[in-house]
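Colleague: My questions will all concern the structure given below.
The values are calculated or read from the model by the stated rules, or taken from the named source; none is laboratory data. This is a predicted model, so every value here is computed, not measured. Neighbour counts are summed over all protein chains in view; Cβ atoms, including those assigned to glycine, are modelled from backbone coordinates with ideal geometry. In case anyone asks, the SASA skips ligands and DNA or RNA and just uses the protein heavy atoms, side chains included. Shrake-Rupley method; radii C 1.70, N 1.55, O 1.52, S 1.80 Å.
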Amino acid sequence: MQENRTALVTGAAGFIGYFTCKRLLADGFRVIGVDSLSDYYDPGLKRRRQADLLQNPGFRIVNEPIEQSGLLMDLFEAEKPDIVVHLAAQAGVRYSIENPRSYLESNLVGTFELLEAARAHPPEHMLLASTSSAYGANTEMPYRETMKADHQMSFYAATKKANEAMAHSYAHLFDLPITMFRFFTVYGPWGRPDMALFKFTRAMLSGEPIDVYNHGEMSRDFTYVEDLVEAVRRLIDVPPVRPDGPEDVAEGDSLSPVAPWRIVNIGNSKPVQLGDMIAAIEAALGVTAKRNLMPMQPGDVPATWADAELLRSLTGYVPSTDIEDGVARFTQWYRDYYDV
């Protein structure tokens, strides 16, 4: 138990934020959550997650957007968080084509407000969410944190790559220990309705066809949400330390040679073909999918695959839930939640 430590979690009512808060509360942290309850997807789902968290007296929520000037500065000053887990963001590759300004405000301005607050009131360790989409046009796989990642394919990915650069500058200038973690297709109960697993399950239970992009020629390194949270929890206890120079950075480590800053992949290291994911849903539901084969969508990539050796070396842990088990847990939650 981590008694008397305070964690500030942005995006606390979101999918990953909810599970992160539950884990930190279970470990004895006092948790301050921040969430705007935006309407990008059903706010009712976010309110249900939030209501569950509020059953724990160690949890407090602030329902405001992180980009609101001074909000995070005031929170940091009042609460003096020991740990910060920054998950709030406008998510979604496709929506960033339709409404890029929302990404500018939440992902760039919001992260700037967070970094400024941390500059004034430094926590022990900040963990900021990035994305596997940051690898962009890279075709060499598995993706390693030390690869160049300069050709993002969507504005969403570009904002996340910018967050990494912004955080590095603050880590260097103000000696803020920062870990950026790149998620790989997180899924599970309480998941986002805009994600393929959620949309496929809903359509298949309704007897509707599912849209299968790139004619099914896609693969993803699916990561079960509680595995991801386990990795984040372990990373909290290994903040990066500024090295004396490049010679002090181990081979394969993404630690900056000039700052206490590092990127860490969190993924299963086992890409799954889209067809195999659909087959797992069919098996869990006892329903055969009607497939509507579609071309690749703008901004998307055909495959992702994490090299998780750095995570293993830092924490001794790598996500391992297989797609069949994870999908079965999601579909059971879906049936219970929607009573279908």
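Colleague: Just one of the numbered conditions (1) open to solvent by 40 Å² or more (accessible area, probe 1.4 Å); (2) assigned to a helix (DSSP H, G or I) is not true of Asp211; which one?
Modeller: (2)
Colleague: Leu115 is checked against (1) crowded, with 19+ Cβ neighbours inside 10 Å; (2) in contact with a Pro (Cβ under 8 Å, 6 or more places away or on another chain); (3) assigned to a helix (DSSP H, G or I) and fails just one. What number does that condition carry?
Modeller: Single failed check for Leu115: (2).
Colleague: Inspect all residues belonging to region 121-132 and state whether any of them is at pLDDT 95 or above and farther than 21 Å from Ile236 by Cα.
Modeller: Checked against the condition, which is being at pLDDT 95 or above and farther than 21 Å from Ile236 by Cα, region 121-132 yields no hits at all.
Colleague: How many residues, within region 239-275, are open to solvent by 40 Å² or more (accessible area, probe 1.4 Å) and part of a loop (DSSP other than H, G, I, E, B)?
Modeller: Taking region 239-275 first, the residues open to solvent by 40 Å² or more (accessible area, probe 1.4 Å) are 239, 241-242, 244, 246-248, 250-252, 257-258, 269-271, 273.
Still in the running and part of a loop (DSSP other than H, G, I, E, B): 239, 241-242, 244, 250-252, 257-258, 269-271.
The total comes to 12.
Colleague: Is it the case, given these coordinates, that Ala279 is farther than 18 Å from Val225 by Cα, without any contact (Cβ under 8 Å) to a residue 40 or more places away in the chain and open to solvent by 40 Å² or more (accessible area, probe 1.4 Å)?
Modeller: Numbers: farther than 18 Å from Val225 by Cα: yes; without any contact (Cβ under 8 Å) to a residue 40 or more places away in the chain: yes; open to solvent by 40 Å² or more (accessible area, probe 1.4 Å): yes.
Judged against the criteria, Ala279 is a match.
Colleague: Next up: Keeping to region 276-314, report how many residues are of a type outside the set (Asp, Glu), under 18 Å from the mean Cα position of the chain (by Cα) and assigned to a loop (DSSP other than H, G, I, E, B).
Modeller: Going through region 276-314 one residue at a time, the tally reaches 4.
Colleague: If you don't mind, there's one more thing I want to ask. Working only within region 19-36, note down all residues that are open to solvent by 10 Å² or more (accessible area, probe 1.4 Å) and either outside any loop (DSSP other than H, G, I, E, B) or modelled with pLDDT under 95 (or both).
Modeller: Quick first cut of region 19-36, residues open to solvent by 10 Å² or more (accessible area, probe 1.4 Å) only: 19, 22-23, 25-28, 30, 35-36.
Scanning region 19-36 gives Phe19, Lys22, Arg23, Leu25, Ala26, Arg30.
Colleague: Go through (1) in contact with a Leu (Cβ under 7 Å, 6 or more places away or on another chain); (2) at pLDDT 95 or above; (3) not hydroxyl-bearing (Ser, Thr, Tyr) one by one and return the number of the condition Asp336 breaks.
Modeller: All conditions pass for Asp336, except number (1).
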